[in-house]
């Protein structure tokens, strides 16, 4: 069995940033394990621009953004294994992995960072009725086929779900010669970024139908038509509102789910709202020495935030490797209420946390001219007005360690959405 | 001129082919779809019934009980995933428990072993998630679960190994009587080329279309109704919600639905039962899927329907006589029906194979082979090996070290095996049914581009000829900017 | 006087912007949170532009496709002409980020550059 101080599962944006920061924090023995044939993760197929405004103050494509972190990993000589699948992680941080060259092997790590990313919700999970022909793709699968392999999955396209990948693929398919007929969205608001609706749909005259869903898929071998219908407030189709679109392709962009199989096998407790691990301020899970960051922790809107979060996970894992756990630290829970769906982290340790701690979350609906309010117990601490908040975009609150020091008997922190 | 031509490579046609391949005879199987196991055999409850349900004295009763008894040996010989998990017919408090007594008596008469009625206490200890309304149940320990794909493929591959010819993508258009048998005019579904097969004996195992073929040669008309059954398949996380196959005691509300673990560790809920006009209507419906959720809760509580990973529909071939129709058509010598094979067809298939082989050998004296290969190895599952064995395998064949399907942890080695073996996979569904690659919770989102690459290489296929499930079902249709 | 409602695409904030115009003259911009929004709004109502990203086939590389982008934004109405100009274009590996694969695409004066490193096979 091999030994490493730190094993990072996943060589996408989260894993790369975590590795770089852990090395910069003094950890020499690091191994990144990546299942694909190259580092970079899903960024390699995200060829649109708009990545890195926060991190590099310029707009990069996904592969360009990835290449900067890959270069940082290379400069530091951090070890990685490609084409290698992690099969299991035990709660005592034994990592079982497999590839062609080494076969199946075990690594004992002092700390593990989970950075496996997320996957797309499938047609089956959505339980859309109809036939099961070829031509139904998750938007990400279509994105890989078009952008990495140069193959077109279809000519006439209907898209269900207005998540960012769906919006981006509407434009990609259009530019590469396909006709995107409509984007249907179950919710009364889009799940994607506003800028993507402008640049990916409005620019090309592609209609977005909110409060609509797919009620039938026709075609025995290949998709021949898709029927969408309006849904009521209960999100059930309203009879008589059906519209049939002939098409050969249905793309699904209906949400992302953290890739949580390995988290589960390690005994990590998951948050049912995010489907990712429950973590504290240092991004450590309930299993000592196992940390999580990026989309496996909670699905992010911007890769810049993934990089920031992952860098923190790398630093914290380094801290743990060098100094061990502080198991006796006092914890304070963060309660998400009134429109705040969850928070990452779920709790903080006021004495141990960073001086400034970013708490990220998403809201459960569209809020106009509302405020994000932070309470220490019942006392209002901060209130920030936001013109628009929507579930497609992450929000944040920054907690100040010094300020928390003034509340030694604090029981809970509450974050809520309030009328402005 | 073939001795025997079998129409249909479902579980029935394949079981018959395997039985007949024990004899020195030239045999062909003609299948319209691109793969074996592409009709009713691929979309059903995946159950080996105990045999208490069918009417006493019916073919269904006799062949089910016989088929069930044959499964242990067959599973061993042909490497079929099969497990006797036992079945329960649950009676709830608003139902008359006398219904269970009737089933018990029928089962005893049919020859089902070890049947007994259990009370709530025992039921609850066997199935903690049983409905709060369940008062008692009929317990059949011989009930089992099977992989219907592997069962069909095992029969077909073994028949192939023993010399049976399979013609896939070949659709029988018409059947004409000839001097010494029948001429089957076929069309290739892809090339549209016509070909005529001559055979002394024809076996009609054409599922929902068996009436069409019978009616081409016999004046004793059959009439088969396609009875649609919709199912939901749940994530492996839900696979232990029940451990037995849970049936519901039929009531005025209908036959109910079953909730069962599958041999692969998923949970299966279904089927609905709706007669449909179109024998190709394998679509699921909103009403059907909704009704499953409601009906399942009658026998099992808290079925985690949020963990559905896919839904599907299958068509049962219901003949008007309400029993299997097996035997030579009275006015068409040498034309043997295996028609109306609805539930318990999968359970009965091994016995149907025996029965039809016996009828054939009575009509056509055949000599048994001395070199019949009675066993077949399934696709090697590396997960069943120790780490040492697995590493030895990877050193010899590195493809076994390369995971392609991350949900089911299926390796490239298994996919290559599925493609290269007899009657190997040529489509994504073919790979999926043989290896489970793409059958997990992401439903092929991750592995399909990778599987396509392997198919392209191993089967020397053009990327544009790689389909989900045969002719007309291409995955990609052109290159960027060129469609 | 006329007004146009826009969503800024300068960054993911997506500010809702109102542009007031007197004929072809922009007289007022509101709703933006940064100077970039103001610049975007003024340009969007007079001469809208976009960065275009696409793919080009690769010869002799470890990947079959390289993703590319316009080195700067091009007029919005030239998007399709730009993509059309990439049809049939083949890039020889090795390719480095920033390599010009096509200059002055569709007469826009803007080059198409590689946005990914592709080593030779």
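The values are calculated or read from the model by the stated rules, or taken from the named source; none is laboratory data. As the structure is a prediction and not an experimental result, all values here were calculated from the model. With ideal geometry, Cβ positions are generated from the backbone for all residues, glycine too; neighbour counts draw on all protein chains shown.
Table for the structure above
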quantity: Matching residues in region B:408-426 - criterion: being within 9 Å of chain A (Cβ to nearest Cβ) and either under 29 Å from residue B:165 (Cβ atoms) or crowded, with 24+ Cβ neighbours inside 10 Å (or both); calculated: B:411
quantity: The one condition in (1) within 11 Å of chain A (Cβ to nearest Cβ); (2) closer than 30 Å to residue B:266 by Cα; (3) touching a helix residue (DSSP H, G or I) at 6+ places or on another chain (Cβ under 8 Å) that residue B:480 fails to fulfil; calculated: (2)
quantity: Residue satisfying condition, being assigned to a loop (DSSP other than H, G, I, E, B), at pLDDT 95 or above and at the interface with another protein chain (Cβ under 7 Å from one of its Cβ atoms), within set B:445, B:472; calculated: B:472
quantity: Output for region B:448-465, where each listed residue is in contact with a strand residue (DSSP E or B) (Cβ under 7 Å, 6 or more places away or on another chain), under 25 Å from residue A:42 (Cβ atoms) and either facing another protein chain (nearest Cβ under 10 Å) or in contact (Cβ under 8 Å) with a residue 60 or more places away in the chain (or both); calculated: B:450, B:463
quantity: Failed item in (1) assigned to a helix (DSSP H, G or I); (2) touching a helix residue (DSSP H, G or I) at 6+ places or on another chain (Cβ under 9 Å); (3) away from chain A (no Cβ under 11 Å), with residue B:359 passing the rest; calculated: (2)
quantity: Candidates A:226, A:306, filtered to the one that is surrounded by 21 or more Cβ atoms within 10 Å (Cβ to Cβ) and in a strand (DSSP E or B); calculated: A:226
quantity: Residues of region A:50-84 satisfying the condition of being at the interface with chain C (Cβ under 9 Å from one of its Cβ atoms), surrounded by fewer than 22 Cβ atoms within 10 Å (Cβ to Cβ) and in contact with a strand residue (DSSP E or B) (Cβ under 6 Å, 6 or more places away or on another chain); calculated: A:59
quantity: Hits in region B:244-272 - residues which are assigned to a loop (DSSP other than H, G, I, E, B) and in contact with a strand residue (DSSP E or B) (Cβ under 6 Å, 6 or more places away or on another chain); calculated: B:244, B:249, B:256, B:257, B:262, B:263, B:266, B:271, B:272
quantity: Residue in region B:81-96 that is assigned to a helix (DSSP H, G or I) and touching a residue at least 60 places away in the same chain (Cβ under 8 Å) present; calculated: no
quantity: Residues of region A:381-395 that turn out to be away from chain C (no Cβ under 11 Å) and either surrounded by fewer than 16 Cβ atoms within 10 Å (Cβ to Cβ) or at pLDDT 95 or above (or both), as a count; calculated: 6
quantity: Test result for residue A:322, touching a residue at least 24 places away in the same chain (Cβ under 8 Å) and either closer than 29 Å to residue A:254 by Cα or in a loop (DSSP other than H, G, I, E, B) (or both); calculated: no
quantity: Of all residues making up region A:124-144, the number that are closer than 22 Å to residue A:176 by Cβ, in contact with a helix residue (DSSP H, G or I) (Cβ under 6 Å, 6 or more places away or on another chain) and not in a helix (DSSP H, G or I); calculated: 1
quantity: Condition check for residue C:41: within 13 Å of chain A (Cβ to nearest Cβ), surrounded by 17 or more Cβ atoms within 10 Å (Cβ to Cβ) and at pLDDT below 95; calculated: yes
quantity: Counted residues, region B:156-189 - those being farther than 17 Å from residue B:207 by Cα and part of a helix (DSSP H, G or I); calculated: 5
quantity: Tally of residues being part of a strand (DSSP E or B) and either closer than 14 Å to residue B:359 by Cα or touching a helix residue (DSSP H, G or I) at 6+ places or on another chain (Cβ under 7 Å) (or both) across region B:7-38; calculated: 4
quantity: Extreme residue, nearest to residue C:63 (Cα to Cα), among residues of region C:106-120 that are in contact with a strand residue (DSSP E or B) (Cβ under 6 Å, 6 or more places away or on another chain) and in a loop (DSSP other than H, G, I, E, B); calculated: C:116
quantity: Checking residue A:74 against (1) modelled with pLDDT of 95 or more; (2) in a helix (DSSP H, G or I); (3) within 29 Å of residue A:139 (Cβ to Cβ), the condition it does not meet; calculated: (3)
quantity: Selected residue (only one of C:56, C:26 is surrounded by 14 or more Cβ atoms within 10 Å (Cβ to Cβ) and within 11 Å of another protein chain (Cβ to nearest Cβ)); calculated: C:56
quantity: Residues within region A:248-274 that are within 12 Å of another protein chain (Cβ to nearest Cβ), in a loop (DSSP other than H, G, I, E, B) and buried (at least 16 other Cβ atoms within 10 Å of the Cβ), tallied; calculated: 5
quantity: Check on residue B:242, closer than 24 Å to residue B:311 by Cβ and either within 23 Å of the chain's Cα centre (by Cα) or buried (at least 20 other Cβ atoms within 10 Å of the Cβ) (or both); calculated: yes
quantity: Candidate set: region A:88-116, residues that are more than 20 Å from residue A:283 (Cα to Cα) and free of Cβ contacts under 8 Å to residues at least 24 places away in the same chain; chosen: the one surrounded by the most Cβ atoms within 10 Å (Cβ to Cβ); calculated: A:98
quantity: Condition broken by residue A:403, with the remaining ones in (1) assigned to a strand (DSSP E or B); (2) more than 22 Å from residue C:13 (Cβ to Cβ) satisfied; calculated: (1)
quantity: Pairs, first closer than 30 Å to residue A:148 by Cα in region C:35-54, second in a loop (DSSP other than H, G, I, E, B), C-beta under 6 Å, six or more apart; calculated: C:49/C:73; C:50/C:73; C:51/C:73; C:53/A:47; C:53/A:48; C:54/C:86
quantity: Failed condition for residue B:282, given (1) in contact with a strand residue (DSSP E or B) (Cβ under 6 Å, 6 or more places away or on another chain); (2) within 14 Å of chain A (Cβ to nearest Cβ); (3) buried (at least 16 other Cβ atoms within 10 Å of the Cβ); (4) over 30 Å from residue A:227 (Cβ atoms); calculated: (4)
quantity: Single residue of region A:36-49 satisfying the filter (more than 17 Å from the chain's Cα centre (by Cα) and under 22 Å from residue A:119 (Cβ atoms)) that is nearest to the other protein chains (Cβ to nearest Cβ); calculated: A:47
quantity: Output for region A:359-374, where each listed residue is crowded, with 16+ Cβ neighbours inside 10 Å and assigned to a strand (DSSP E or B); calculated: A:359, A:360, A:361, A:363, A:367, A:370, A:371, A:372, A:373, A:374
quantity: Check on residue B:462, modelled with pLDDT of 95 or more, surrounded by fewer than 19 Cβ atoms within 10 Å (Cβ to Cβ) and closer than 30 Å to residue C:53 by Cα; calculated: yes
